[in-house]
Amino acid sequence: MRPVKFSGGIFINKFAQVILKTANSEIDRIFDYEIPFEFLDSILPGMRVIVPFGAKNSYTEGYVMSLSEKTDVPKEKLKLIASVPDKYAIFSKEMIELSMWMKEKYYTTLTQCLQTMIPAGIDQKSETKVIKLNISGDRLEAEKEKLRSSKNKAAQLLVVDFIEKFGPSEAYEIRKYLKISSSPIKTLLKNGVLKEETKQKRRSLFESEISEHSERVDLTSEQKSALNMAVSKSKTPLLIHGVTGSGKTEIYMRAIENFVSKGYEAIVLVPEISLTPQLSKRFFQRFGNAVAMTHSRMSDGERLDVWQRAKNKEISVMIGPRSAVFAPFENIGLIIIDEEHETSYKSETTPKYDAREIAEFRCKNRGKVIYGTATPSIETYTRAVNGEIDLAKLVQRPLNRMMPKVEIADMRYELASGNTSIFSRALYNGIKMNIEKKLQTVLFINRRGFSTFISCRKCGYVMTCGSCSVSYTYHINENILKCHYCGKTENPPNICPQCGSKYIKYFGTGTQKVEEEIKKFFPSARVLRMDTDTTKKKNSHKAILESFGCGNADILVGTQMIAKGHDFPNVTLVGIVAADTSLNNGDFRSGETTFQLITQVSGRAGRGDIPGNVIIQTYNPNNYVIQLAAKGDYENFYKKEAIIRKSMNYPPFFNIFAVLAFGKNEEDVIREINALFYIMKQNDLENKFMLFNPAPAFVSKIKDEFRWRLLIKGKCENELKEFVLRAIDEHKKKCSRKVIINIFLNPQSIV
């Protein structure tokens, strides 16, 4: 040990424990560095540092994890920190603790966890130099008078007048506005009339959103009860299970007001960018400049501005998707997760974190987590049923507004009676009537995923795997049916095995086809389409939603982007064009996903004073998911789904580890995934875990890389994780570098 003392005998923190910013997992560990004298008083845990590393002492960026008075590193091997780029700590003590927890929880590197917490533009310069007046009063007037008797100083007088009028400005702004060179500015600086100072850069992002204030509404008794639970002293997470349109957002805002008034900060998570503009507008109108939002469509500089506002305590409320959970607040009192059931809250890229778990860690023993949704995930509702989290229910819409009337359209009957279009008669008539009455319609069709399924259009029969009770996936290139759970395959039939009909083929209709059909049947209708093709440009989500909200279109066609959160009072009809698309996607969560989508998109109807109608088009009208979603009966849906999950050993009653192997050569991929499978079989001597034979991934080839996966199930998460990671470590010692292994614990969909 080499402790360091001042001459007075006082110990000083002279050594920094640094984690390097590198993708190399082999050096994902803490290194001790000596702190130079000039940084002794300024360096803090959480700061960025530049340090020499390796035999060549290449300069590398790192982060200070802690400081100490001692080190075990021999003097001849100890290196000095080269520089400190910032004047502040990027990571608080809490965020450092979070990163270390994430490393163990999500089996990744510490560096990757830290990098996930900060905006991409952190390396950008966030400060600028501005020119301002250095004198005032009589002295300034005297100086201006001197400049007026001199013909060659007219430009200097213009500069002084400009700054008096517009305030501190950047030099280039002054030169551009006055059309002058830099010489007059330099002279005034030299003479002490002006001075230069450093100022934080700020972009004007939200002024247009806060031009008006939102009206406070009276709460219903259900809302008051939920709000009381939200602001109680209990630190137990709260699930607000409220029907669509039940006023959850108002409860969120009231809860935030309560926490912010006590000096706390709040984070509001939303699942998609498309929800951010409309939701954030309501928050800006209520909280003004205390709110900021962040999302992936903003530039790096804009996201950095928002991050710094939070870091500098200039805002107290942050709104955004998954990554907003890492907002650099140091006094978090409340994290709200809206539409908590959404899959986007779980990252499928390293580190594979779940924003819900991050929220609970950040609020542990210090704040409150509120989950809100009309369709809770099976996992979250199971926690409520088991008493692990609190539950508040909202079963009524405010202002005595009725839930929409739901009708199921049997597309088998439509086909049998000669209707071969994608619109049932009920939906066609509903659209026609709405156009005549100048009311609006939302048409939803979900095309998530890359493959389709085989279905009989006459009887509704779907080709399924008898061993796994899931639908086969149709691979059109190979013209074969595959089960992605056990690997079983079959050739697609030419006639329906159930009714003998020839109307059996792969099923699939997209948003663009729906848009074309609308124009064909309703040529006068004004149509907007919202999907990944129409929302590629920045602010395109906002533009489409605002245009529809202003009445510039009669019909909005879209994917799940339009299924949740949006509030359009003039929408009285919702059509779910193909409810079977998500019901038969071959995933064990397909029933849950379908129930959620139907319920959420149905909730867009009747949110104003006119009652709403919903038409669900399906070839499986008797399916329990369709029936219960039409009734809005979540309780019975949960009971049925829980029984299925338990019997099949699926989450949340069992844990699943999905191991994905991919590479350019399929033979290499198959060999490596089988070698790993063999290691696991050898290590599972007590048969603690359920191992399933390797099989092609859902998407068996992406960008010329072949993908195979292996599934392992286990009751205890930690035991399962330890078992899988140990097997992978053993496999790494002799595996081919041509094949990449990726792992997912309880993925949102089986890869």
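The values are calculated or read from the model by the stated rules, or taken from the named source; none is laboratory data. The model shown is predicted, which means the values in this text are computed figures rather than measured ones. Cβ: placed from backbone, ideal geometry, glycine included. Neighbour counts: every protein chain shown. For accessibility, only protein heavy atoms count, side chains too; no ligands or nucleic acids. Shrake-Rupley method; radii C 1.70, N 1.55, O 1.52, S 1.80 Å.
Yes/no per residue for (1) assigned to a helix (DSSP H, G or I); (2) modelled with pLDDT under 90; (3) touching a helix residue (DSSP H, G or I) at 6+ places or on another chain (Cβ under 6 Å):
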{"site": "Ile122", "(1), (2), (3)": "yes, yes, no"}
{"site": "Lys125", "(1), (2), (3)": "no, yes, no"}
{"site": "Lys129", "(1), (2), (3)": "no, yes, no"}
{"site": "Lys153", "(1), (2), (3)": "yes, yes, yes"}
{"site": "Gln156", "(1), (2), (3)": "yes, no, yes"}
{"site": "Asp161", "(1), (2), (3)": "yes, no, no"}
{"site": "Tyr172", "(1), (2), (3)": "yes, yes, no"}
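Residue-wise test of (1) over 24 Å from Ala374 (Cα atoms); (2) surrounded by fewer than 22 Cβ atoms within 10 Å (Cβ to Cβ); (3) of a type outside the set (Val, Ile, Thr).
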{"position": "Val260", "(1), (2), (3)": "yes, yes, no"}
{"position": "Ile267", "(1), (2), (3)": "no, no, no"}
{"position": "Ala292", "(1), (2), (3)": "yes, no, yes"}
{"position": "Met298", "(1), (2), (3)": "yes, no, yes"}
{"position": "Trp307", "(1), (2), (3)": "yes, no, yes"}
{"position": "Met318", "(1), (2), (3)": "no, no, yes"}
{"position": "Arg322", "(1), (2), (3)": "no, no, yes"}
{"position": "Ile337", "(1), (2), (3)": "no, no, no"}
{"position": "Thr343", "(1), (2), (3)": "no, yes, no"}
Problem - Residue count for the range 368-399, restricted to those that are over 21 Å from the mean Cα position of the chain (by Cα), modelled with pLDDT of 95 or more and either polar (S, T, N, Q) or open to solvent by less than 30 Å² (accessible area, probe 1.4 Å) (or both) - result: 6
Practice task
For the range 215-300, please list each of the strands (runs of 3 or more DSSP E) lying entirely inside it that holds at least 1 residues being of a type outside the set (Val, Ile, Thr) and modelled with pLDDT of 95 or more.
Solution key: 238-242, 265-269
Handout entry: Residues located in the range 419-447, provided they are among the small types (Gly, Ala, Ser), surrounded by fewer than 19 Cβ atoms within 10 Å (Cβ to Cβ) and either assigned to a loop (DSSP other than H, G, I, E, B) or at positive phi (or both)
Key = Ser421
Practice task
Please tell me if Val557 is open to solvent by less than 10 Å² (accessible area, probe 1.4 Å) and modelled with pLDDT of 90 or more.
Solution key: yes
Exercise for the section: Go through the range 535-585 residue by residue and tally those that are part of a loop (DSSP other than H, G, I, E, B), in contact with a strand residue (DSSP E or B) (Cβ under 8 Å, 6 or more places away or on another chain) and within 30 Å of Ala697 (Cβ to Cβ). Expected result: 7
Exercise for the section: Report, ordered by the first and then the second residue, all pairs with beta carbons closer than 7 Å, sequence separation of six or more or different chains, a first member in the range 515-531 that is surrounded by 15 or more Cβ atoms within 10 Å (Cβ to Cβ), and a second member that is hydroxyl-bearing (Ser, Thr, Tyr). Expected result: Glu517/Ser421; Leu528/Ser547; Arg529/Thr511; Asp531/Thr511; Asp531/Thr559
Exercise for the section: Could you check Trp708 against (1) of a type in the set (A, V, I, L, M, F, W, C); (2) out of contact with any helix residue (DSSP H, G or I) (no Cβ under 6 Å at 6 or more places or on another chain); (3) surrounded by 17 or more Cβ atoms within 10 Å (Cβ to Cβ); (4) within 10 Å of Leu660 (Cα to Cα) and say which number it fails? Expected result: (2)
Exercise for the section: Could you list all residues from the range 573-592 that are surrounded by fewer than 24 Cβ atoms within 10 Å (Cβ to Cβ), of a type in the set (S, T, N, Q) and in contact with a helix residue (DSSP H, G or I) (Cβ under 6 Å, 6 or more places away or on another chain)? Expected result: Ser590
Exercise for the section: Just name the residue that is surrounded by the fewest Cβ atoms within 10 Å (Cβ to Cβ) out of those in the range 102-114 that are touching a Ser or Thr at 6+ places or on another chain (Cβ under 9 Å) and part of a helix (DSSP H, G or I). Expected result: Lys103
Handout entry: Residue list for the range 322-337, filter: among the polar types (S, T, N, Q) and either closer than 13 Å to Met117 by Cβ or in contact with a helix residue (DSSP H, G or I) (Cβ under 7 Å, 6 or more places away or on another chain) (or both)
Key = Ser323
Problem - Among the residues listed as Phe657, Phe677, Phe637, Phe689, the single one being among the aromatic types (Phe, Trp, Tyr) and either at pLDDT below 95 or open to solvent by 40 Å² or more (accessible area, probe 1.4 Å) (or both) - result: Phe657
Exercise for the section: Report yes if Lys715 is basic (Lys, Arg) and either open to solvent by 40 Å² or more (accessible area, probe 1.4 Å) or out of contact with any Phe, Trp or Tyr (no Cβ under 9 Å at 6 or more places or on another chain) (or both), otherwise no. Expected result: yes
Problem - Top-ranked residue of the range 360-377 - restricted to ones that are in contact with a Gly (Cβ under 9 Å, 6 or more places away or on another chain) and not in a strand (DSSP E or B), ranked as farthest from Ser99 (Cα to Cα) - result: Ala374
